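Structure first, commentary second.
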Amino acid sequence: MFAVKLPLPSPNRFPRLLQQLPALAAGLWMTSAGFAQSQEAAASEHAPGMYITEYRVLGAKKLDRRSVEKAVYPFLGPERTPEDVDAARAALEKAYKDAGYSTVSVLIPQQKVKKGVVLLQVSEITVGRLRVHGSRYHDIERLKQKAPSMAEGVVPNFNDVNRDIIALNKHAGLRVTPSLRAGVIPGTVDIDLSVEDELPLKGSLEVNNRYNANTTPWRVSGSLSYSNLWQLGHTIGGSFQIAPERLEDARVYSAYYLAPLTGPWSLLLQGTKQDSDVSTLGGAAVVGRGEIIGLRLRATLPEKDGLYHSISFGLDRKSFEQDLIVAGQAISSPVTYYPLSLDYSATWLEKTHSTDLSASVVLQIPRFGTESEQFNTSRFNANDGFSYFRGDLSHTHDLPGGLEAFAKIQGQLSSGPLINNEQLAGGGLTTVRGYLESTSLGDNGAFATLELRSPSLLKSGDEGKSEWRFHIFADAGYLNIDSPLPEQDANFTLASVGAGTRFRILNHLSGSLDAGLPLIQQGVTDVGELLISVRFMADF
């Protein structure tokens with residue numbers, strides 16, 4: 001019980017009111033709907049308002065004393081009417097609702113007001129039953145455990161309910177919708193969770209011609225994941241990429257394990273093994289075999305006004321058995337190092353536009369499991385104490401007539417010379433179309449893309465989303481190398497224009513075709529040498 005008091009005024013200040021207060025209190029009754037005093041009688045007697053010295057709030061457990069006092073204090077004092085008492089009741093109920101307790105009600109019990117003390121009764125309605133309907137692939141008890149704000153016996157706070165529902169719906173192939181109704185047990189509320197879930201096994205297969213110089217053109221990649229391991233929401237997955245015409249051109253295999261932790265935190269363990277015996281850049285280039293093992297601690301940050309964002313902290317072990325090819329001769333240059341990383345990603349969603357941001361900082365601490373000589377052998381003037389920032393910002397905007405505009409900038413800024421595994425690559429489908437993948441490498445660089453998309457020629461239906469658009473584009477980029485070798489180019493510029501198309505049918509089949517026309521000669525690509533890039537993907 002909370003008591004909110006106001007000191008009585010001195011008799012010298014309000015003598016007439018003090019003399020009349022006992023008579024007013026003796027004839028005043030309150031019910032759950034308000035005071036039961038007859039308005040006609042009050043009008044005939046011309047009685048002044050009463051002096052309320054205290055509100056005694058019964059049953060208030062979820063709201064702290066300060067919040068209760070703040071709600072009812074304005075309605076203490078002299079010349080108070082039944083309407084003031086009802087306003088105090090409404091203010092206290094609003095305070096509960098503002099705090100997230102929408103099932104709480106505040107009543108005015110039937111009473112006689114004595115010595116200016118008014119009783120308010122709080123009814124904190126609890127969850128009587130929590131039921132789950134429609135779940136096929138997710139354990140019902142596990143789903144209940146992931147919704148503690150709706151547990152039986154709990155007074156539901158709908159701020160927490162919303163948080164739990166959002167967390168549940170972040171699981172791939174799971175959609176949970178809550179509904180409330182009056183409880184079977186009087187004084188309770190029952191909550192039903194309607195579940196629409198899919199088999200947590202997901203996969204994809206893609207064919208594309210994203211290839212490097214001196215390699216065969218086609219690539220095949222695939223992935224497979226299961227997102228509800230142990231019925232705990234753990235995810236395990238793997239992927240591959242190969243060059244089917246000549247496996248020596250590209251063989252990359254990777255796997256990961258994602259484990260949810262407390263609250264917004266999760267832990268990701270990932271590994272990659274790659275193998276290539278082809279010099280992709282010609283001249284002086286680095287090729288070879290290597291492994292990457294990484295650990296990421298990730299946190300989903302609170303959503304706000306259409307902003308969805310997350311942050312992660314990482315540590316990798318990167319080991320490469322490389323051959324530095326100079327004038328046709330191979331020089332062995334193995335390197336092992338342990339970079340730290342900090343990554344931030346965000347998506348802003350609005351009705352007519354969306355924006356995506358990703359930013360990362362990579363830091364290699366000197367002598368942290370490395371030898372500086374390894375870096376210097378792999379790259380002139382490189383050392384085992386390096387850092388760089390890499391960022392990517394894109395924006396999609398709806399235009400009149402169903403058109404879309406897309407813009408993107410990305411880049412990297414480094415502290416000095418980097419080994420090729422950490423350099424920024426230019427050329428290809430994600431940077432400057434019209435050039436082969438990784439046509440040029442640089443320690444620093446920036447790329448920009450502008451794209452205008454046509455209205456969709458397909459409409460989405462009940463069976464899934466379908467879209468087919470044509471587009472025109474302009475891409476450009478610049479790369480710079482720190483401490484270049486004699487006769488080595490230090491700056492690389494790429495630019496292209498072109499057109500293409502993308503489609504997605506029923507959420508499972510997608511593809512794209514881009515025809516890029518290079519405007520600047522770079523690597524093995526000449527000006528005006530049209531390059532067509534295609535990709536087709538099926539997923540389930």
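Note on the stretch 416-428: residues that are closer than 22 Å to Ala359 by Cβ and either at pLDDT 95 or above or under 30 Å from the mean Cα position of the chain (by Cα) (or both) amount to 7.
Name the residues in the stretch 217-247 that are outside any strand (DSSP E or B) and buried (at least 17 other Cβ atoms within 10 Å of the Cβ), would you?
Answer for the stretch 217-247, where residues must be outside any strand (DSSP E or B) and buried (at least 17 other Cβ atoms within 10 Å of the Cβ): Trp218, Gly233, Ala243.
Is there a residue being at pLDDT below 95 and under 30 Å from Gly173 (Cβ atoms) anywhere in the stretch 516-536? No, the stretch 516-536 contains no residue that is at pLDDT below 95 and under 30 Å from Gly173 (Cβ atoms). Selection over the stretch 494-515 of residues that are surrounded by fewer than 16 Cβ atoms within 10 Å (Cβ to Cβ), modelled with pLDDT of 95 or more and over 15 Å from Thr430 (Cα atoms) gives a count of 1. Of the residues making up the stretch 252-277, just one is in a loop (DSSP other than H, G, I, E, B) and crowded, with 17+ Cβ neighbours inside 10 Å, namely Ser276. For the stretch 204-212, the criterion of a residue being outside any loop (DSSP other than H, G, I, E, B) and farther than 30 Å from Thr525 by Cβ is satisfied by no position.
Residue pairs whose Cβ atoms lie under 8 Å apart, separated by 6 or more positions or on different chains, with the first residue in the stretch 134-151 and at positive phi and touching a residue at least 12 places away in the same chain (Cβ under 8 Å) and the second exposed (fewer than 15 other Cβ atoms within 10 Å of the Cβ) and of a type in the set (Gly, Ala, Ser), are Gly134/Ser194. Count of the stretch 391-432 residues, restricted to those that are out of contact with any Phe, Trp or Tyr (no Cβ under 9 Å at 6 or more places or on another chain), surrounded by fewer than 16 Cβ atoms within 10 Å (Cβ to Cβ) and outside any loop (DSSP other than H, G, I, E, B), is 7. Cβ separations smaller than 7 Å between residues 6+ apart or across chains give the following pairs from the stretch 183-211 residues that are on the phi > 0 side of the Ramachandran plot and surrounded by fewer than 19 Cβ atoms within 10 Å (Cβ to Cβ) to residues that are at pLDDT below 95 and not basic (Lys, Arg): Gly187/Ile125. When you go through (1) surrounded by 13 or more Cβ atoms within 10 Å (Cβ to Cβ); (2) within 20 Å of Lys114 (Cβ to Cβ); (3) modelled with pLDDT of 50 or more one by one for Pro9, which number turns out not to apply? Pro9 satisfies every listed condition except (3). Each residue in the stretch 212-222 was checked for being touching a residue at least 40 places away in the same chain (Cβ under 8 Å) and of a type outside the set (Ser, Thr, Tyr), and 3 pass. Here Asp192 meets each of (1) farther than 30 Å from Tyr253 by Cα; (2) modelled with pLDDT under 95 with one exception, condition (2).
Residues that are part of a strand (DSSP E or B) and farther than 30 Å from Ile419 by Cα do not occur anywhere in the stretch 479-495. Looking only at residues in the stretch 146-183 that are of a type in the set (Gly, Ala, Ser) and assigned to a strand (DSSP E or B), which one is nearest to His508 (Cα to Cα)? So the residue we want is Ser179. Which of the residues spanning the stretch 366-390 are free of Cβ contacts under 8 Å to residues at least 60 places away in the same chain, in a loop (DSSP other than H, G, I, E, B) and in contact with an Asp or Glu (Cβ under 8 Å, 6 or more places away or on another chain)? Of everything in the stretch 366-390, those that are free of Cβ contacts under 8 Å to residues at least 60 places away in the same chain, in a loop (DSSP other than H, G, I, E, B) and in contact with an Asp or Glu (Cβ under 8 Å, 6 or more places away or on another chain) turn out to be Pro366, Arg367, Phe368, Thr370, Glu371, Asp384, Phe386.
Selection within the stretch 366-390: residues that are at pLDDT below 85 and basic (Lys, Arg). The member of this set that is surrounded by the fewest Cβ atoms within 10 Å (Cβ to Cβ) is Arg367.
The values are calculated or read from the model by the stated rules, or taken from the named source; none is laboratory data. All values reported here derive from a predicted model rather than from experimental measurement. Backbone-built Cβ (ideal geometry, glycine too); neighbour counts: all protein chains shown.
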